[in-house]
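Everything on this sheet refers to the single structure shown next.
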Amino acid sequence: MSHSLAELRSRNPMWYFERNYAALMSLVDDLRLHEKGISDYVFQGTQITINLLEQTRYTYLLEIRQTFPQNGIAIPDLEFRVRVYLDARLAEVVGYQGKHYLKARYPVPNISMFHPDEKRQSNLLLYDWLMSYGFTRLQQAGSARYFA
């Protein structure tokens, strides 16, 4: 039984929070962030760093950074701050590209030139980023390389 993405989104507006959670938790378990607090590895020619900034009973705060080989000259480095809610099984982008707080809605026009739904857009970008690199399959494929 196939469903279009539009149908899925209309039935469950929180689908990307749930999918981001599933992908990130497989990464957290696979990279042993519980023990080390930080994991660096090279994936498809870029340096990816996942840093566990905060760990509480019900949440994690992760910083995900992708550094491109051009050192940010042609393509700026990508940075997400993600709050993972363990009890609700959701992951939400709370910061993006150095902006450590994203409002749910922004007026148009605004000084920062954000989209009206910038928070939603950043969560969808995280989803697309995770899926494009196939992070949900890292644990099965064993393609992550760890650095101390």
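Coordinate-derived values only; no laboratory data. Note that the structure is predicted; figures quoted are calculated from it, not measured. A quick note on method: Cβ atoms are made from the backbone with ideal geometry, for glycine too, and the neighbour counts reach across all protein chains shown.
Once R0 is set to 25 Å, what does the formula 1/(1 + (r/R0)^6) return for the Cβ-Cβ distance between GLN121 and ILE75, expressed as a FRET efficiency to the nearest 0.05? Working from the Cβ atoms, E equals 0.85. In straight-distance terms, cross-link reach from LYS119 covers every one of the lysines whose alpha-carbon lies under 21 Å from its own, apart from those fewer than eight places away in the same chain; here that gives LYS99, LYS103.
How much length would be gained if the chain were fully extended between ARG57 and ALA22, taking 0.36 nm per residue of separation minus their Cα-Cα distance, in nm to one decimal? If you can, show how the numbers build up before the last one.
Values: separation 35, 0.36 × 35 = 12.60 nm, distance 1.80 nm.
Once the chain is fully extended between ARG57 and ALA22, it gains 10.8 nm.
Charge tally for THR67 (other residues, Cβ to Cβ under 12 Å; Lys, Arg +1; Asp, Glu -1): -2. Applying 1/(1 + (r/R0)^6) with r as the Cβ-Cβ distance of ARG105 and ARG83 and R0 = 22 angstrom yields a FRET efficiency of 0.75. Measuring r between the beta carbons of MET14 and THR46 and using R0 = 41 Å, the FRET efficiency lands at 0.90.
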